[in-house]
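Everything below concerns the one structure shown next.
Values quoted throughout were computed directly from the atomic coordinates according to the rules given, and no laboratory measurement underlies them. Predicted model only: the values in this text are computed from it and were never measured. Cβ sites come from the backbone with ideal geometry, for glycine too, and all protein chains shown count toward neighbours.
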């Protein structure tokens, strides 16, 4: 085992860690908002909204994330420049980057998985509590904001923690579309120094550390809102 | 360029100027890799679950380490790491025995690596399913004088299958999609075949979309098969709505 390269590549590793964490934070936070919409469409939407949301979830959960990522990066990415004027627009520097496509595909994928979890949780909220809220004169939006959604999120919290860890473990795929995330840095170290295991080991330690951090944070949130059994 | 004038159907046609055949072969290879890795994982899982339930302390520690690490590390890192570690380790072993080094078959390496990863998840699924069998049933079988093998075949297996099947179905879905990751180490299955088709014709969107539909078809077909199997192993059980 040879770790001499560590000090030389430390800045690069830190940059990679930032890329990994920002991919995770972006996809989880935006994906969660999308998931709320999808879950409500499936639980209380009309037939069109319900079927659209279900089709979305089936498609994104039934195909590998790698294919979705490549579909966006190579597929949509090769169609984008055909839109007139897009190369001159201020968004072009962002739209050109692999990071943008990775963030979008991770977000859409996370939303599909999270919507399934939330759908189950929305259905698990006791009917009596919703009826009580209606009887107290709450409108539909107030009911969702004050009672239905918070209760459902609390019910789903342990599962959400698991989903976030799964999402973290999916982020190294971004390296296949030229994002310099943690894994890509390990790959670069391997190419530069011809060491195979040491960089993977260092990166693995970081992923395990992040996993522990995520579980700890969610334990903390769960402790904040105790559930009476 | 000739390919740019081809229509969608010509591009997807299964005979050579089209790339449909390449995609279908890739899809078959994906299913084959998944099935082999699933079986290896099932074997490891059965041994692992037995070890965790009835093994000695050091063995249990070791298995806890195995399942813990495999489930905490990203699949891509595991697959790349195990791929190199596996082929490299094998060649070092051969070299130390004075044998010539060999080029490890990509299919075999992919299957072994994916199976090893699946084994960790299988261990946990099967352990839970075995623990959920009422102890009295196993004791009754022993009281009748059944040998361990007969007990496993006649009592334990039929009793654990209904408990384990949803978990096993989940793992099968996961591996059909995770097998796309072996594209990264260069083995040609559906994902890599698609990238090849896209790179050659520049119709990336079309081919990746077609590949997505193929994966979706695999998933939906598996869903149907597993529902049938589950109905079969649950026959005679009270219907829970």
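May I ask you to give the average projected area over all directions of the convex hull of the Cα atoms of the range B:119-172, in nm² rounded to one decimal? Present the calculation step by step, with values, prior to reporting the outcome.
Numbers: hull surface 14.8 nm².
Mean shadow area of the hull around the Cα atoms is 3.7 nm².
For the range A:41-119, the alpha-carbon coordinates run over 43, 25, 17 Å along the three principal axes, in decreasing order. Helix A:182-193 and the longest principal axis of the C-alpha atoms of chain A enclose an angle of approximately 10°.
Once the Cβ-Cβ distance between residue B:69 and residue A:135 is put in as r, and R0 is 51 Å, what FRET efficiency do you end up with, to the nearest 0.05?
On the way: r = 52 Å, r/R0 = 1.03.
Working from the Cβ atoms, E equals 0.45.
Here r is the Cβ-Cβ distance between residue B:229 and residue A:166 and R0 is 30 Å; the resulting FRET efficiency, rounded to 0.05, is 0.70. From the largest down, the range B:15-133 spans 59, 43, 22 angstrom on the principal axes of its Cα atoms. Between the helical axis of A:98-124 and the longest alpha-carbon principal axis of chain A there is an angle of about 30 degrees. Calculated from the alpha-carbon coordinates, the range B:94-241 shows an Rg and a Dmax of 21.5, 68 Å respectively.
Which whole-number percent of Cα pairs in chain A have a distance greater than 27 Å?
Numbers: 12182 of 26106 pairs.
Result: 47 percent of Cα pairs exceed 27 Å.
Only helices enter the 222 nm calculation for chain B: every DSSP H run of n ≥ 4 contributes -39,500 (n - 2.57), and dividing by all residues gives -25500 deg cm²/dmol, rounded to 500.
Given a cut-off of under 8 Å on Cα pairs at least six residues apart, what relative contact order in percent is computed for chain B?
Details: 231 pairs, mean separation 65.7, N = 241.
It rounds to 27 percent for chain B.
Here the range A:157-203 was treated as a single set of alpha-carbon atoms; its pair distances binned every 5 Å from 0 give 5, 21, 21, 19, 15, 9, 6, 3, 1 percent.
Helix B:75-96 and the long axis of chain B differ in direction by around 80°, with both axes built from C-alpha atoms.
For the range A:104-168, what mean projected area does the convex hull of the alpha carbons give, in nm²?
So the mean shadow area of the Cα hull is 4.7 nm².
I'd like the per residue volume of the convex hull spanned by the Cα atoms of the protein assembly as shown, given in cubic angstrom.
Values: hull volume 108.3 nm³, N = 470.
Hull volume normalised by residue count: 230 Å³.
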